[in-house]
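Below is one structure; the comments refer to it alone.
The values are calculated or read from the model by the stated rules, or taken from the named source; none is laboratory data. In this text the structure is predicted, and so the values were computed from the model without any measurement. Backbone-built Cβ (ideal geometry, glycine too); neighbour counts: all protein chains shown.
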């Protein structure tokens, strides 16, 4: 890994690099985070590394089951994949319901602009930035609620979903995703809480269905650990 240089907050820089390595699958689920080795690799002391690991633990990307076992990248399981989407659906549905009553015209315009940017890039085959634009679209709805808690919890749910996607082998269905974004935007424009919540929940449930029907990498996601109420077969 590249050594850290320049005038920067070391804990923040280390956090960002570890986070990106986890979300890219470079640090695989379950692998031990070797503080000593990373300290030598980054050329820094252990203190900012421990601060970064603690922050990642709070976001669920790292687990520390006991003080003697050390820190590990959070393992992924089919059970918790369902749980992450269950939480995301509830959170984004609630955020859309609240935002239908609180969103400003300027915020609606920003969401529409994000949608148009996604459409523009999709039509030209420039897919690289779509995931970030999509994240900003969903985060923008949560921000429009005026509740910091809803914004933070939505961000966390999106982060956990991103981690699971390292083990999902499927091409993103951007056309369908954007069609569902249109339904959410329409409900927000009409200031209709019930329709906004339903559209947001339907969107998340559709996405879970797509990913459960995809090829899941058993090297990254424990497929044997599933929720007992989910049935034997994946949808």
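Here are a few things to note about the model shown:
- Filter pass, residue 98 being under 22 Å from residue 227 (Cα atoms), surrounded by 13 or more Cβ atoms within 10 Å (Cβ to Cβ) and at pLDDT 95 or above: no
- Among the residues here, residue 141 does not qualify as surrounded by 18 or more Cβ atoms within 10 Å (Cβ to Cβ), in the same structural domain as residue 198 (by TED's automatic domain parsing), over 24 Å from residue 208 (Cβ atoms) and in contact (Cβ under 8 Å) with a residue 12 or more places away in the chain.
- Of all residues in segment 43-66, none are closer than 26 Å to residue 175 by Cβ and touching a helix residue (DSSP H, G or I) at 6+ places or on another chain (Cβ under 7 Å).
- Looking across segment 58-79 at every residue that is under 15 Å from the mean Cα position of the chain (by Cα) and surrounded by fewer than 21 Cβ atoms within 10 Å (Cβ to Cβ), the one that is nearest to residue 22 (Cα to Cα) is identified as 74.
- Members of segment 170-185 found to be closer than 16 Å to residue 138 by Cα and out of contact with any helix residue (DSSP H, G or I) (no Cβ under 8 Å at 6 or more places or on another chain), listed by number: 179
- Which numbered condition residue 211 fails, given (1) in contact with a strand residue (DSSP E or B) (Cβ under 7 Å, 6 or more places away or on another chain); (2) outside any helix (DSSP H, G or I): (2)
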